[in-house]
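The values are calculated or read from the model by the stated rules, or taken from the named source; none is laboratory data. Everything numeric here is computed off the predicted structure, so don't read it as measured data. Here the Cβ is made from the backbone with ideal geometry for all residues, glycine too, and neighbour counts use every protein chain on show. Keep in mind that these areas ignore ligands, DNA and RNA; they rest on the heavy atoms of the full protein, side chains included. Shrake-Rupley method; radii C 1.70, N 1.55, O 1.52, S 1.80 Å.
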Amino acid sequence: MLSLRQKFTGSHTALASRDGIDVQSSIAYWLTQGAPRNKIVVGVATHARGWTLANPSRTGIGAPATDASRPGPYTQEAGLLAYYEVVEYQEANFHTVFDNVSMTPYTYYGNQWFSHESPRSMQLKADFIAEQGLAGAMVWSIDQDDYRQ
């Protein structure tokens, strides 16, 4: 699990990764330990985790960070945004990039950086769940989703 104390950005909802800290690796582990597929539920997040970039010109996953991001306008918690806050930032022309390794997006502007889900990343997770024959998905938490859609 990612910590906001770590000094680099990361995807807190990665489907895949280079370091093995992701949904696919976690599911593979549980399956090798004998967990039945029909009892495994994959969580998807409707919140973002954020960091303050050490250098605003380095914006990818793994970019150096100095601290958690500033609090969102509604959640008021450093390092945490509701997805509807991310959407507002995207509408205000923050930059959003889809990372093809983690299969998740991140959004940044200046020195503020946020890892989050999107309809596309959630669809990829749903496809993975179906392909693996898993029990399904759960959402954490509905009150942080984009209430306008």
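Figures for the structure shown
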read-out	value
The range 43-149, relative contact order [Cα under 8 Å, separation at least 6], %	33
Gaussian network model of the chain, Cα within-10 Å springs - most flexible of Ala14, Ala45, Ala135	Ala135
Accessible surface, per residue, of the chain when the full set of protein chains is kept, probe 1.4 Å, Å²	55
Net charge of Cβ neighbours under 11 Å - reference Trp30; Lys, Arg +1; Asp, Glu -1	+2
Convex hull of Cα atoms in the chain, direction-averaged projection (nm²)	8.8
Surrounding net charge for Ala137, when Lys and Arg each add one and Asp and Glu each subtract one, Cβ distance under 12 Å	-1
Nearest 10 degrees, 0 to 90: helix 23-32 Cα axis against the chain principal axis	30
Point-charge dipole on Cβ atoms (K/R +1, D/E -1) for the chain, about Cα centre, debye to 20	400
Accessible carbon and sulfur surface of the chain relative to its total accessible area, %, 1.4 Å	52
Local net charge near Ser115, Cβ-Cβ under 13 Å (Lys/Arg +1, Asp/Glu -1)	-2
For peptides 110-116, 66-72, 125-131, sequence by mean Cβ density within 10 Å, most packed first	110-116, 66-72, 125-131
